[in-house]
1. Just grab the label-to-label distance for A:LEU68 and B:SER9, each label 7 Å out from Cα along the Cβ direction, in nm (one decimal).
2. Mind listing the long-range amide H neighbours of A:VAL45? Cut-off is under 5 Å, sequence gap 5 or more, other chains count too, H placed in the peptide plane at 1.01 Å from N.
3. Can you pull the mean other chain C-beta count within 10 Å for peptide A:168-177?
4. In Å, what is the Rg of the alpha-carbon atoms in the stretch A:114-269, and how long is Dmax?
5. What number, rounded to the nearest 500 deg cm²/dmol, is the helix-based mean residue ellipticity at 222 nm of chain B, given -39500 (n - 2.57) per DSSP H run of at least four residues and division by all its residues?
6. When only Cα pairs under 8 Å and 6 or more residues apart are kept, what is the percent relative contact order across chain A?
7. Based on DSSP H runs of at least 4 residues, each adding -39500 (n - 2.57), what is the mean residue ellipticity at 222 nm of chain A after dividing by all its residues, to the nearest 500 deg cm²/dmol?
8. Can you tell me which aspartates and glutamates have their Cα less than 20 Å from the Cα of B:LYS102? Leave out same-chain residues fewer than eight positions away.
Amino acid sequence: MNKQLITNTIRLLRIGSGIKWQAPALTAVRQYATPPKRFYKTTNVLSTDSGYEVTLDHRKLKTPNGTLFTVKSEPLAIAVATEFDAQKEHIERSRMHISALCFTAIDNPNKLTKPDMVNYLLNFIATDTVLFQYDNEKDLQELQQNEWDPVIDWFNQRFETNLQKTMDITPPQVSDEDKMKIAKHFHSYSLETLHGYIFAVDTLKSIVLACAVIEQKITVERAVALSRLEEEYQLKFWGRVEWAHDFSQQELQARLAAAVLFVHLNCSENFIKQKSII
Amino acid sequence: MAGTKVLRSLLHELRLASHSPGKIKDSLAARYILAQYKKYETTDQQLCKARDEAIFLGQTYLTYLTSLRKYNELYKEYHGSGERTVKETADLVGFKLPTDPK
């Protein structure tokens, strides 16, 4: 009798606590929008009168704005088709830099004009990464001198400018004459190509490095390493964290490579030169 | 020979990136790249600016594919996907679950 009472009480307690007990609310699980599923099997490139188009199965690829995707250059269309083919179950649009650049150039969502873009690039010169050097730490200063100065010299020679680095927080003085020379260079590019240029400059935070890599003076990896020079220097003392440093390095490399390819493939008229057979 | 090395790595990366890795020969990009290599092949020993440009572009594309692949790998490994299961937490600190064999 007594035993039964005890078991009943325990059971009651259990039920009671079962009702009261609530699952702890999961804190801070972020809900991301699910990316669209890969709805096509194969990708292909079509050649039409106005340029090259990309097809996903039998559908034609369109930009986010709804216009038909057409590019002038065949390798660019192939790169976009390959990128769409590389998607696994979902279409990860944030990691398709070449396609994103093409879409931006076609749609031009900010309605940028050529003077806007050239002005944007010119205003960047005064905040160029490689022009800000630091002389309080000897090793870092030496590193910057050895790595950055040759690129600045190359830039000055190539564009006949006279950019000077600064050692403190005051921005470097850029003369109007230099600005004119650089503006003239950028004005020689088409609107689409300038989109690629801006993407490269935004990635590297430096016009000097962007010009150097697009003019094939340095490779993409080297340009990214130079733009992350101080970070790499500090890493020696504080350690390398894979999910921060390597992650950002790979992302910058992918972005810059996309921009460089975009610029080159967009002005490929002067790239393919057939050898004349005698 | 830099050109051959770039070509091999490019094909390797394309194979890794492709949706159906078996059929790399049919892929547009691989065919295009091979055609480009054929085109600039004859100018191997001569100074040819277009060839340097072609190799530079090849290297750039290689960097693009490699970086994107590594980026995705890092993302997959480190990006949070909500709470860990009991099993994952146990693995993390080197414990075994009571249900696991000893």
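Please treat every number below as a calculation from the coordinates, not as lab data. Predicted model only: the values in this text are computed from it and were never measured. Cβ placement follows ideal geometry from the backbone for every residue including glycine, while neighbour counts extend to all protein chains displayed.
1. According to this spin-label approximation, the distance is 3.9 nm.
2. For A:VAL45, whose amide H was placed from the backbone, the distant partners under 5 Å are A:THR55.
3. On the way: counts 0, 0, 0, 0, 0, 0, 0, 0, 0, 0.
That average works out to 0.
4. 15.6, 48
5. Values: 4 runs with 68 residues, N = 102.
Result for chain B: -22500 deg cm²/dmol, rounded to the nearest 500.
6. Working: 287 pairs, mean separation 46.2, N = 278.
Relative contact order of chain A: 17 percent.
7. Values: 11 runs with 148 residues, N = 278.
Calculated from helices alone, the mean residue ellipticity at 222 nm is -17000 deg cm²/dmol.
8. Within the straight-line limit of under 20 Å, B:LYS102 reaches these aspartates and glutamates: B:GLU88, B:ASP91.
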